[in-house]
Amino acid sequence: MNPGVNPQLVNPPVATAFFFYLLAGIMIIGGIAVITRKNAVHSALALIATLLAQAGLYLMLYAPFVAGVQIILYAGGIMVLFLFVIMLINIERTMKERQFNKQWLVGIAAAAALGALFIAVYTKGKSLFPIGRVPLNEGNNTQAIGNMLYGQYMFPFEIASLLLLVAIIGAVVMAKKRI
Amino acid sequence: MHDLINYIESYLGSDKTPGVAGNIFWATVYILLVFVGLSVAVIAMNWLERKILAHMQVRLGPMRVGPHGLLQPIADAIKLLLKEDIIPAEADKLVFLIAPMIVVLAAFTVFVVVPFGPTHAITDMNIGILFMLGVSSLSVLGIVTAGWASNSHYPLIGALRSSAQMVSYEIAMGLAVVSVIMMTSLNDSGTGTLSMIGIVRAQQAQGVWYIFKFFPLGFIGFVMFAIAMVAETNRAPFDLPEAESELTAGFHTEYSGFRWSLFFLAEYSAMIAVSSIAVTLWLGGWLRPFPNLLHGDTWDLVISLVPGLTFCALGAITFYNVARMPKHPLFRIQTAGLAGFGAVLGLIGLVMFIPIVRNTIQDIFWFSAKVAGSMYLYIWYRGTFPRYRFDQLMKVGWKVLLPIGFALLILTAVVGMRAEVWDQVVIPLWHWLLSIVGLK
């Protein structure tokens, strides 16, 4: 018997429409703020809000492990390094620089293509995707991920870690003048 | 109305935490209790730290406000709340205001999963320890933005130091935690757990606190965590982000009054939070000492009396100090106040002897006692170690703790799976070697 797993989790569902719209709203507002703020630190803070709301969406999908990793890696790790670099930038100079380049034609084309895709999914979604509820596996989500990563998907997992190792060696080679 | 009472009563006698049972009323009660308890603990810690540091340095410490300075934290709080709240003219106002709130929110939110007892936690999460590490790592965002928004040199340097330091020591911390999580997987199902309650249950099932598991591996992990948690909470000897001799006050130089006290509150509750991680992971959480060696009805009774006896002893110490107060008429009120404080302590002790209270309070008492021991460690560090230089700090983090952490991880895995390693690696290798040499 696994000590951490409670077999009878009978919570009222948190995955309600209200929470979805709340989190999605935060994400969209945060995303817009990221690209419209002139001050890079404000952009980074908006991005953190977006990432945290995304963690909330993962929780709604009953994937607590992914949500936890999202917080610990993106909001707590990567964004801190972002801020670390951004803080040293001269803000007065970036304020004067042009924020958007004038490629609105390409932008409109890309946005229209994405919009068309969304509309297509919305109208034809019922025939494209199967209807039905995925069995919620909140109680031992982490254990399931662990078993999969170190069992069925061992090889891809190790390949990914090798890729990271190559990246680290590359960074060392670039940073050190003499090795 | 009747439904409401039924709803409230339905949780009583449950063996789950209110969050897992989905009872909103009791969850709210627990949240309020934890909040109040935490605030009291921070106040007590404030007084204790100044007193203990003073006694370590052969001083008296606060003695003026109240008997033995007992009312000093309250006087400080009033002073801080009445102080003028200054926002520097060149500061980034919005970020300057948000930063202390981020720090406080991160420091308080982690207590959602801290297990004070098998049912005495607000909730139990499948990702408990991951949640604690993740949310407590968010507090660095508050520190960094506070330093940047002040638009001044000392805070900026403090913020840079803080972010570099916390990101570095998070890795050492994580490695120590992972070695414990591997230990929890030594059961029939073969998978461990990240749930805080599950980790303590695993220690109970294996009959050993993880600090003593695979000695000295568990102990090394605990020491690594004890070092990393001091760096993670920016406390001496790793308090470079607020090194007052170099940076006046580091990242909170420009803060005053209420906002400064938020940073103070967050620092102390973050200390309590990481201490409770250490207690949960290595020191058996709410488990009482020697549950297997000293079991049986008699021992259960004796050990269940310890909380009451502790508080009675504290009351007795207070009365001893009442007797030692100066006999001058000017000290009459102070003596009476101290006697009242001792009486309250003794009364709490007596209440803890009542069987129903005794059984409910026991696990909370052991958990808090262990956390208090860990908090004493913090004060002790601060009183005895000189501050590190920044390059030394980085060297300890990356060149000492990180390799030790990896070695610990591998050794824990090998020792944990020693039967499998012996059967499937060592013995085939031995036969292969024999066949090469030609003995077989």
What helix-only [θ] at 222 nm does the protein assembly as shown give? Using -39500 (n - 2.57) per DSSP H run of at least 4, over all residues, to the nearest 500, the answer is -22000 deg cm²/dmol
Once you have the Cα-Cα distance between B:Met63 and B:Ala89, take 0.36 nm times their residue separation minus that, and quote the gain in nm to one decimal.
5.5 nm
Using the count of nearby Cβ atoms within 10 Å as a rough guide to exposure, how do B:Leu262, B:Leu97, A:Leu128 rank from fewest to most?
A:Leu128, B:Leu97, B:Leu262
Apply 1/(1 + (r/R0)^6) to the Cβ-Cβ distance of A:Glu97 and B:Phe406, taking R0 = 45 Å, and write down the FRET efficiency to the nearest 0.05.
0.55
Give me the percent relative contact order of segment B:216-347, please, defined on Cα pairs under 8 angstrom at least 6 residues apart.
16
P(r) of segment B:330-440 over all Cα-Cα pairs, binned every 10 Å from zero, in whole percent:
10, 14, 19, 17, 18, 12, 5, 3, 2, 0
Distance from segment B:170-188 to segment B:273-298 (C-alpha centre basis), Å:
18
Can you spot the lysines whose alpha carbon is less than 20 Å from B:Lys83's alpha carbon? Ignore those fewer than 8 places along the same chain.
B:Lys93
What lysines sit close enough to A:Lys102 to cross-link, taking a C-alpha to C-alpha distance under 28 Å and skipping anything fewer than 8 places away on the same chain?
A:Lys38
Suppose we flag GluC sites (Glu not before Pro) only when DSSP calls them loop and at most 16 other Cβ atoms lie within 10 Å. Which is the longest uninterrupted stretch of chain B?
B:91-440
Taking r as the C-beta separation of A:Val173 and A:Ile28 and R0 as 51 Å, the FRET efficiency to the nearest 0.05 is 0.80
Partner shielding of A:35-41, as the mean number of partner chain Cβ atoms within 10 Å, equals 1
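Enter the per residue convex hull volume of chain B, computed from alpha-carbon coordinates, in Å³ rounded to the nearest integer. Mind dumping the intermediate values first?
Values: hull volume 91.9 nm³, N = 440.
Residue-normalised Cα hull volume stands at 209 Å³.
Within 10 Å of each Cβ in peptide A:77-86, how many partner chain Cβ atoms are there on average? Round it to a whole number, please.
Details: counts 7, 1, 4, 12, 3, 0, 9, 9, 0, 2.
Mean inter-chain Cβ contacts per residue within 10 Å come to 5.
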Taking the Cα centre of segment B:215-353 as origin and charging only Cβ (+1 Lys, Arg; -1 Asp, Glu), how large is the dipole, in debye to the nearest 20?
680
Cα-Cα separations in segment B:1-62 greater than 15 Å, expressed as whole percent:
65
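Could you compute Rg(Cα) / (2.2 N^0.38 Å) for segment B:93-164, with N its residue count? Write out the running numbers ahead of the final one.
Working: Rg = 15.1 Å, N = 72, 2.2 N^0.38 = 11.2 Å.
Normalised Cα radius of gyration, segment B:93-164: 1.35.
What is the diffusion coefficient of the protein assembly as shown in µm²/s, taking the Kirkwood radius over Cα pairs and the Stokes-Einstein relation at 25 °C with a viscosity of 0.890 mPa s?
Values: Rh = 27.6 Å.
The calculation lands on 89 µm²/s.
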Taking each residue of B:181-191 in turn, how many C-beta atoms of other protein chains fall within 10 Å of its C-beta, and what is the average?
3
Considering only C-alpha atoms, what is the centroid distance from segment B:380-440 to segment B:64-83, in Å?
50
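Can you figure out the FRET efficiency of B:Ser39 with B:Val426, using R₀ = 45 Å and their beta-carbon distance, to the nearest 0.05? If you can, show how the numbers build up before the last one.
Details: r = 56 Å, r/R0 = 1.24.
Computed FRET efficiency for B:Ser39 and B:Val426: 0.20.
In whole Å, what three semi-axes, largest first, describe the equivalent ellipsoid of segment B:204-297 built from its Cα gyration tensor (square root of 5 times each eigenvalue)?
Numbers: eigenvalues 274, 51, 11 Å².
They are 37, 16, 7 Å, listed largest first.
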For B:Lys327, list the lysines whose Cα falls under 28 Å from its own Cα; do not include residues on the same chain fewer than 8 positions away.
B:Lys51
Given the options B:Thr360, B:Leu309, B:Ile379, identify the residue whose Cα lies farthest towards the positive end of the charge dipole of segment B:294-397 (+1 on Cβ of Lys, Arg; -1 on Cβ of Asp, Glu).
B:Ile379
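Laboratory data are not the source of any read-out in this text; all were calculated from the coordinates shown. This one's a predicted model, so the numbers in the text were calculated from it and none came from an experiment. Note that each Cβ is placed from the backbone with ideal geometry, even for glycine, and that neighbours are counted across all protein chains shown.
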